[in-house]
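Here's the structure we're looking at; comments come further down.
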Amino acid sequence: MRRVALVTLVVDDYDEAIRFYTEALGFRLVEDAPRPDGSRWVVVEPGADGHGTGLLLARARGEDQRARIGDQTGGRVGFFLYTDDFARDHARMTAAGVTFLEEPRHEPYGSVAVFQDLYGNGWDLLQPAA
């Protein structure tokens, strides 16, 4: 079996990012380990089963990386959070202060709404059609 296990997301601050992804988006913290260079290996996942793709939250080093925070995909939606209950997750995320850029839409492929993470990266909250 092959799968994409991790995707790196450049962040400004480890603890701020952990709080957002675990509290506002409901992810679970999988790992938070110090590294010899003073950085940390921080992994969060949206699911409880450990079979989904995780995010490696990597603190930016240098101005080039800092310039990419919040714009890692050139302004496009670059991340897709699938759910089995759109209404539940949309309501919970809204109550947690997540910024949605549009009202929920019901498309042939499913229910969707675009939101931003704490750095401005675009995400789809998506419940695929049955």
Considering residues that are open to solvent by 60 Å² or more (accessible area, probe 1.4 Å) and either small (Gly, Ala, Ser) or outside any strand (DSSP E or B) (or both), the number found within the stretch 73-89 is 6
(1) in contact (Cβ under 8 Å) with a residue 40 or more places away in the chain; (2) touching an Asp or Glu at 6+ places or on another chain (Cβ under 6 Å) all hold for Gly70 apart from (2)
Of the listed residues (Arg88, Arg59), the one being at pLDDT 95 or above and either of a type in the set (Gly, Ala, Ser) or under 19 Å from Val43 (Cα atoms) (or both) is Arg59
Over the stretch 90-100, the set of residues touching a Phe, Trp or Tyr at 6+ places or on another chain (Cβ under 6 Å) and either part of a loop (DSSP other than H, G, I, E, B) or aliphatic (A, V, I, L, M) (or both) is Val98
Those residues of the stretch 8-31 which are out of contact with any Leu (no Cβ under 8 Å at 6 or more places or on another chain), farther than 16 Å from Phe79 by Cα and not β-branched (Val, Ile, Thr) amount to Asp12, Asp13, Asp15, Arg19, Glu23, Arg28, Leu29, Glu31
Picked from the stretch 90-100 (must be touching a residue at least 12 places away in the same chain (Cβ under 8 Å) and not polar (S, T, N, Q)), the residue most open to solvent (accessible area, probe 1.4 Å) is Arg92
If you go through Ala48, Ala67, the only one that is among the hydrophobic types (A, V, I, L, M, F, W, C) and either in contact with a strand residue (DSSP E or B) (Cβ under 9 Å, 6 or more places away or on another chain) or part of a loop (DSSP other than H, G, I, E, B) (or both) is Ala48
**Prompt:** Residues in the stretch 11-22: is at least one among the small types (Gly, Ala, Ser), under 14 Å from the mean Cα position of the chain (by Cα) and at pLDDT 95 or above?
**Reply:** yes
Being open to solvent by 20 Å² or more (accessible area, probe 1.4 Å), on the phi < 0 side of the Ramachandran plot and either in contact with a strand residue (DSSP E or B) (Cβ under 8 Å, 6 or more places away or on another chain) or not in a helix (DSSP H, G or I) (or both) narrows Leu57, Leu29 down to just Leu29
Restricting attention to the stretch 32-54, the residues that are open to solvent by 80 Å² or more (accessible area, probe 1.4 Å) and either under 21 Å from Gly78 (Cα atoms) or among the hydroxyl-bearing types (Ser, Thr, Tyr) (or both) number exactly 1
Within the stretch 87-112, residues of a type in the set (A, V, I, L, M, F, W, C) and in contact with a helix residue (DSSP H, G or I) (Cβ under 6 Å, 6 or more places away or on another chain) come out as Ala96, Val98
A careful count of residues in the stretch 101-113 that are open to solvent by 20 Å² or more (accessible area, probe 1.4 Å) and either in a strand (DSSP E or B) or among the polar types (S, T, N, Q) (or both) gives 4
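The values are calculated or read from the model by the stated rules, or taken from the named source; none is laboratory data. This one's a predicted model, so the numbers in the text were calculated from it and none came from an experiment. Glycine also receives a Cβ, built like all others from the backbone with ideal geometry; neighbour counts cover every protein chain displayed. Side chains included, ligands, DNA and RNA excluded: accessible areas come from the protein's heavy atoms. Shrake-Rupley method; radii C 1.70, N 1.55, O 1.52, S 1.80 Å.
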